[in-house]
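Undergrad: Below: one structure in structure tokens.
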Amino acid sequence: MKAFLCGGAVLKVDEHWDKSLPNLLAEAGLKALDSSGISYVDHVYVANVYGEVLQEQANLGSLLAEELGLRGVAASRVEAGGASGLAAVYAGCLAVSSGLANAVLVVGAEKMSDGTVEEAVSLLTMEERQDYVGYLGVSQLAEAALLYKEYVKRYRISNDDVAYFPVISHENSSTAPHAQYQFKISLETVINSPYVAEPLHRLETTSPSDGAAAILIVSQELARRVKEPKCLLTGIGSASDLMTAFDREDPLEMRGLADAGKRALEMAGIKASDVDFLELHDPYSILAPLSLEALGIAEKGQACLQARKGRFSLSGEKPINTFGGLKGRGYPVGASGVYAVVEAFMQLTDNASKNQVPGADVGLVESLSGLGSYAGVAVLERMR
Amino acid sequence: MRELSSRPPANWRSRPFVYRLEGSRCVVCGHFHPYKRLVCRRCGSKRLDQDKLPSTGRLVNYTVVTQAQQGFENNTPHIVGWVEMDDGTQLIGHITDCEPEELKPGTVLEPVVRRIRVDGEAKLIVYGVKFKPVV
């Protein structure tokens, strides 16, 4: 698989009171088109989850086409919960690799600030089954806390070991201009923040926010004519798993993610150990170690201890969340997969400034829906 | 959204599972699913029988939830537990009629039907299964 990425664009993640969902979509989309020098695409894909609930807006594909002056272009929305962004990139890759399209614009956008905090907790739980978990009043937050407790017990580590991941994320987001939280936090601050569902502290979760990111996927033929910077997408994989983690043989094992990772790495012809950095999907701290272990980056039960030894810090052997990930950069839900792809793009085109991973040639992007009920993984590589 | 009318509310369809813990059990691998299923999600078999979960289980672990979701503002903090029913089926749900200090892994629990929440606009009272310690 060889798709070419160009025109990566991110807006600052924030509470954009003055901007509507169409504003966010248009701004990111235009930035991507302008920076790549492409004026027309064959398809636009919008990645978004809650537009229908929070803005009562469906049909976001045509809306974006209109905003961008791309009347006539094929346009649709892709939704796969928190992994919508990566699912839209996947759809874009299908279109380009099949020859159906020469150029696809993927824009992820989410505007969570139209809802309250309580609504956000319920909205995230929409990724879970509404005829069971949702009906019985179990939030996704509570499910994450139960997995956390089980993980800590099984591998005999302390809660503080899991709570260290937000510290890494904030370290990286403190110097990321598009991040929502541009400050560092200490482990002490994390564990002194109130519980939202013990052992999960407030600072081990995200506060869903507003943002938009965009990228163009183009064919080899067109790639010669687009402006720098460019990078390659050499592998992509997606896989589903049972909706509720507790219905799986082992709730701590994200089989969908492991499968998606295997597919993406095999397609790229590389091993997990060849990856120079990773962008993870960790709306709850516990998902970081579970992800690293499912992807084969760390042995089971080892990820937290390796994190505390610095393995996943920006200067470590396998940096993660190089701009802060969901915790530090912020979590505009449906857009987050596109953010992560653009962040990897920035690394591989030497546009990461203070957050640059030196010598980064291969990046892996992970995106999840729910607690692993859908997983998308993409492998991006530097152009040589 | 939708006002109550002669049409039943969507919740009404959920009653086999959320009131009575009824569902489908795979004849081949024994896995239990909430509600009627056509295909076993574990082994892919299409041979499923209607069944009902046993009336007791044990607590695997629990969490005290302090961040409310919508509709639970007046019912937070609350306890959410991971329960293994006596047939091995894993469930999650609210734990009621006790304080967190009374719970530990292995505590024997039984399902009871309780008020879950009051539904936003229609003000419909939604009932469903919670779990309480067996005394």
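Undergrad: Taking the stretch A:354-376, which residues are farther than 13 Å from A:Met254 by Cα, in contact with a helix residue (DSSP H, G or I) (Cβ under 9 Å, 6 or more places away or on another chain) and touching a residue at least 12 places away in the same chain (Cβ under 8 Å)?
TA: Within the stretch A:354-376, A:Asn355, A:Val357, A:Ala360, A:Asp361, A:Val362, A:Gly363, A:Leu364, A:Val365 meet the criteria.
Undergrad: Name the single residue, out of those in the stretch A:281-325 being at positive phi and assigned to a loop (DSSP other than H, G, I, E, B), that is surrounded by the fewest Cβ atoms within 10 Å (Cβ to Cβ).
TA: Of everything passing the filter in the stretch A:281-325, A:Gly310 is surrounded by the fewest Cβ atoms within 10 Å (Cβ to Cβ).
Undergrad: Applying the selection to the stretch A:232-258, what residues are more than 10 Å from chain B (Cβ to nearest Cβ) and assigned to a helix (DSSP H, G or I)?
TA: A:Arg255, A:Gly256, A:Leu257, A:Ala258
Undergrad: I've got another one for you. When you scan the stretch A:66-83, do you find a residue that is within 20 Å of A:Tyr339 (Cα to Cα), at pLDDT 95 or above, outside the structural domain of A:Val377 (by TED's automatic domain parsing) and in a helix (DSSP H, G or I), even just one?
TA: no
Undergrad: Which of the residues that make up the stretch A:104-128 are among the charged types (D, E, K, R) and assigned to a strand (DSSP E or B)?
TA: Across the stretch A:104-128, the qualifying residues are A:Glu110, A:Lys111.
Undergrad: Does the stretch B:35-51 hold any residues that are of a type outside the set (A, V, I, L, M, F, W, C) and either out of contact with any Gly (no Cβ under 8 Å at 6 or more places or on another chain) or in a loop (DSSP other than H, G, I, E, B) (or both), and which are they?
TA: B:Lys36, B:Arg37, B:Arg41, B:Arg42, B:Gly44, B:Ser45, B:Lys46, B:Arg47, B:Asp49
Undergrad: Hey, another quick one. Touching a helix residue (DSSP H, G or I) at 6+ places or on another chain (Cβ under 8 Å), of a type in the set (A, V, I, L, M, F, W, C) and modelled with pLDDT of 95 or more: does that describe A:Ala245?
TA: Considered against the rule, which asks whether it is touching a helix residue (DSSP H, G or I) at 6+ places or on another chain (Cβ under 8 Å), of a type in the set (A, V, I, L, M, F, W, C) and modelled with pLDDT of 95 or more, A:Ala245 comes out as yes.
Undergrad: Further question: Quick check on my filter: what residues within the stretch A:129-178 are within 14 Å of another protein chain (Cβ to nearest Cβ), in contact with a Leu (Cβ under 8 Å, 6 or more places away or on another chain) and not in a helix (DSSP H, G or I)?
TA: A:Ser139
Undergrad: Can you spot a residue in the stretch B:67-75 that is free of Cβ contacts under 8 Å to residues at least 60 places away in the same chain, of a type in the set (D, E, K, R) and closer than 23 Å to B:Gly23 by Cβ?
TA: Within the stretch B:67-75 (the criterion being free of Cβ contacts under 8 Å to residues at least 60 places away in the same chain, of a type in the set (D, E, K, R) and closer than 23 Å to B:Gly23 by Cβ), the answer is no, since none of the residues qualifies.
Undergrad: Would you mind stating whether A:Leu30 is in contact with a Phe, Trp or Tyr (Cβ under 7 Å, 6 or more places away or on another chain), closer than 20 Å to A:His178 by Cβ and not polar (S, T, N, Q)?
TA: no
The values are calculated or read from the model by the stated rules, or taken from the named source; none is laboratory data. Predicted, not measured: the structure shown is a model, and the values here were computed from it. Cβ atoms come from the backbone with ideal geometry, glycine included; neighbour counts cover every protein chain shown.
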